[in-house]
Amino acid sequence: MATSVRARPDGSPPPAAPPSSPGPRGRRSPGGLRSTLYRWDIKAIPYVFVAPFFLTFAAFGLFPLIYTGWLSLNRVELGGDPTWKGLENYTDLATSEFFWNALFNTFTIGVIATVPQLLMALGLAHLLNYKLRGRGFFRVAILAPYATSIAAATLVFAQLFNTDYGMINSVLGWVGIDPVNWESSKWPAQIAISVIVTWRWTGYNALIYLAAMQAVPQDLYEAASLDGASRWRQFISVTIPSIRPTILFTIVVSTIGATQLFGEPMLFGGSVGISGGSGNQFQTLSLLMYEKGWVTGALGQASAIAWVMLLLLLLVGGVQALVSRHNRKKLGG
Amino acid sequence: MAHTLDRSPAGSGIPAAAPAARPGRRFRQTAGRQHHAGPLTYVLLVGAAFVSLFPLYWNVVAASHSGERVVEAPAPLLPGNRLLDNLSFAWNQVDMGEALINTTIVASLVALSTVLFSTLAGFAFAKLPFRGRGMLLSLVVATMTIPPQLSVIPLYQIITDLGWFDQLQSVVLPSLVAAFGVFFMRQFLVEALPMELVEAARMDGAHSLRIIWHVVFPVARPAMAVLGMLVFVQAWNDFFWPFIALTPDGNPTLQVALAGLGAGNHTVDHAVVLTGALISTVPLLLVFAFLGKHIVGGITAGAVKS
């Protein structure tokens, strides 16, 4: 602030200055310096307040994003200088079976990890919306997994899912199911990884749905029950449509999260985690990017994978925008 | 600015009772239409609570047995007596102690600075008129969708050039303020801070920093506390970028040290690995046990309008 006093000594009397404010520290004459300062304060201070965010974003978000795009058009060894390759990294990806495998895995794990998760969260929120004893306990209990880190949760679940001594195979054995090879078979491994994601996020999403459900106006339910709608009917016809924006929000957030899945498959795979299992059976795009960049040392190709992820997310965002516009039209008309 | 930083840690810890007030009011308003839960509801909810808590309980069990016992079928269900041995091994051999200190430093700095900068920006977006406000706010929200994968390669090159590889500042600086925090504080202040309060202070001749200190901070304090806790949890558990910027044997956070343990860097003793997991989880679970109600309130309050 002190520098700005010296920097702006022109002192033109602004018409906008408050006419009759004596001010607690009215040592100087009103008008002049003080009102210049006041005007500067009003005009510039909002930008000063939002500057830290935009500076941080420019330095650690926007610049790296663009630079990654430029690197993706080059051949870059770890620690070396880039040489121009045009779109070659992208065409290489298009013919790489590892890339398509990782893209497909990201998609399937994403679906297995988010669809049941959000459905269960919806059900849990509905249950928590009843008048309950121990409401506070249930809410904190289902949120506890959210406080557990990816690394801790995955290391615990890797033991529970162990093929030879894991508790999950023991429990399956009680109901007559043969031991499942959770690490080295493709679909079981993808399901196990999805279970970890689902365990960590279901409670969090349930609480978001619960908050939205509690904001639904009561008269909607009253009208529905006057029309003879059952509770299930009310849930489908009143609750779900009313919280549709929140549902859409959680779908978008979960999709973004699923696209970047990294820690769970890596730590679940142990010593072969970065390649997503010995046969790449659960290698995601993030893992492939890390492998290209930091194991192979091909940063240009890793950058191309990062940009493909960005394009995928833009696609998801576009679809989401279309869906929500469509919904709004339908509700309005 | 300097004295603001000094005082805010105390400020963000105090108002434990306040954050619950907002969602609490909402619950009471709608309580009239709520049906009483039937027995099936309780069965299902107890089941959900069991599934949520059992892996955490089993983490304690596994950390209290020997490595041989953990990998024997059937898996142990009750705690054993090896917890202290495992703790001292993890602490001394794998240096979880240093990782714990590093993580505390990183998470505290990130939480403090995010709360401070998010409150300033959130106040500007909520209450101060300026050109481009709507456009800039949309930009803030849009940046939330950009995954960290898009920035790690250049950032890795930069920290390597600066000699910051394996240094804590390389994980603190990119997280000094988050779009989520700005949006969260903006949503809170739009409703919680009456414009008359700001205008009255201006009429009294207060400049913007005084208004921040005497008007905005007192009103925003409950939301600042909740945001601080959410960001602290997030920074504590952050994995992808710390895993690239730090090394398990150098200057790791807990998550990076755990990744090293999980990959079998020091030991293949699974009891010790899970003891490491326990060390990384317990501090946050303690925070949740005492403040869980307010964190629940914060998550729900922040999400409704988005």
Qualifying position, being touching a strand residue (DSSP E or B) at 6+ places or on another chain (Cβ under 6 Å), buried (at least 19 other Cβ atoms within 10 Å of the Cβ) and within 10 Å of chain B (Cβ to nearest Cβ), among A:GLY273, A:GLY293, A:GLY300 | A:GLY300
Can you spot a residue in segment A:313-333 that is on the phi > 0 side of the Ramachandran plot, part of a loop (DSSP other than H, G, I, E, B) and away from chain B (no Cβ under 11 Å)?
-> no
Close pairs (6 angstrom Cβ cut-off, 6 or more residues apart or separate chains): touching a residue at least 24 places away in the same chain (Cβ under 8 Å) in segment B:55-72, surrounded by 19 or more Cβ atoms within 10 Å (Cβ to Cβ) and among the polar types (S, T, N, Q) anywhere = B:ALA63/B:ASN86; B:ALA63/B:THR275
Residue match in segment B:231-252 (condition: surrounded by fewer than 24 Cβ atoms within 10 Å (Cβ to Cβ), within 8 Å of chain A (Cβ to nearest Cβ) and more than 18 Å from the chain's Cα centre (by Cα)) = yes
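Yes/no matrix, rows are residues, columns are (1) at pLDDT 90 or above; (2) closer than 30 Å to B:LEU128 by Cα; (3) out of contact with any Phe, Trp or Tyr (no Cβ under 6 Å at 6 or more places or on another chain); (4) not in a helix (DSSP H, G or I):
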site	(1), (2), (3), (4)
A:SER29	no, yes, yes, yes
A:THR36	no, yes, yes, no
A:ILE42	no, yes, yes, no
A:VAL50	yes, yes, yes, no
A:LEU62	yes, yes, yes, no
A:THR68	yes, no, yes, no
A:ASP81	no, no, yes, yes
Of A:ALA229, A:ALA258, A:ALA189, which residue is of a type in the set (A, V, I, L, M) and surrounded by fewer than 17 Cβ atoms within 10 Å (Cβ to Cβ)?
-> A:ALA229
Condition test on B:SER138, is it modelled with pLDDT under 95 and over 24 Å from B:LEU197 (Cα atoms)?
-> yes
Identify, please: which residue in segment A:133-153 is among the aromatic types (Phe, Trp, Tyr) and more than 22 Å from the chain's Cα centre (by Cα) and is, among those, farthest from the other protein chains (Cβ to nearest Cβ)?
-> A:PHE137
Would it be correct to say that B:HIS266 is free of Cβ contacts under 8 Å to residues at least 40 places away in the same chain and either buried (at least 22 other Cβ atoms within 10 Å of the Cβ) or not aromatic (Phe, Trp, Tyr) (or both)?
-> no
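Table: residues versus (1) modelled with pLDDT under 95; (2) in a loop (DSSP other than H, G, I, E, B).
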residue	(1), (2)
B:GLY205	yes, yes
B:VAL219	yes, no
B:ALA225	yes, no
B:PHE232	yes, no
B:ILE244	no, no
B:ALA257	yes, no
B:HIS266	yes, yes
B:VAL273	yes, no
Considering every residue within segment B:183-201, establish whether at least one is at negative phi, small (Gly, Ala, Ser) and surrounded by 21 or more Cβ atoms within 10 Å (Cβ to Cβ).
-> no
Go through the residues of segment B:196-213 one by one and say whether even a single one is facing chain A (nearest Cβ under 8 Å), under 30 Å from B:ALA99 (Cβ atoms) and without any contact (Cβ under 8 Å) to a residue 12 or more places away in the chain.
-> no
State whether the residues of segment A:204-219 include one that is closer than 22 Å to A:PHE262 by Cβ, touching a Ser or Thr at 6+ places or on another chain (Cβ under 7 Å), buried (at least 22 other Cβ atoms within 10 Å of the Cβ) and of a type in the set (A, V, I, L, M, F, W, C).
-> no
Test result for A:SER237, touching a residue at least 60 places away in the same chain (Cβ under 8 Å) and surrounded by fewer than 16 Cβ atoms within 10 Å (Cβ to Cβ) = no
Answer residue from segment B:97-131, given it is at the interface with chain A (Cβ under 8 Å from one of its Cβ atoms) and in a loop (DSSP other than H, G, I, E, B) and is nearest to B:PRO218 (Cα to Cα) among those | B:LEU128
Scanning segment B:55-68 for residues that are surrounded by 14 or more Cβ atoms within 10 Å (Cβ to Cβ) and at pLDDT 90 or above gives B:PRO55, B:LEU56, B:TRP58, B:ASN59, B:VAL60, B:VAL61, B:ALA62, B:ALA63, B:SER64, B:HIS65
With a cut-off of at least 3 residues that are farther than 21 Å from B:VAL231 by Cβ and at the interface with chain A (Cβ under 7 Å from one of its Cβ atoms), name the helices (runs of 4 or more DSSP H) lying wholly within segment B:132-187.
-> none
Residues being part of a helix (DSSP H, G or I) and not aromatic (Phe, Trp, Tyr): count how many of those fall in segment A:257-290.
-> 16
Taking the residues in segment B:207-217 that are of a type in the set (A, V, I, L, M, F, W, C) and at pLDDT 90 or above as candidates, determine which candidate is surrounded by the fewest Cβ atoms within 10 Å (Cβ to Cβ).
-> B:TRP213
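The values are calculated or read from the model by the stated rules, or taken from the named source; none is laboratory data. Treat the numbers as computed from the prediction; the structure is a model and nothing was measured. Reconstructed Cβ throughout: ideal geometry from the backbone, glycine too, with neighbour counts over all protein chains shown.
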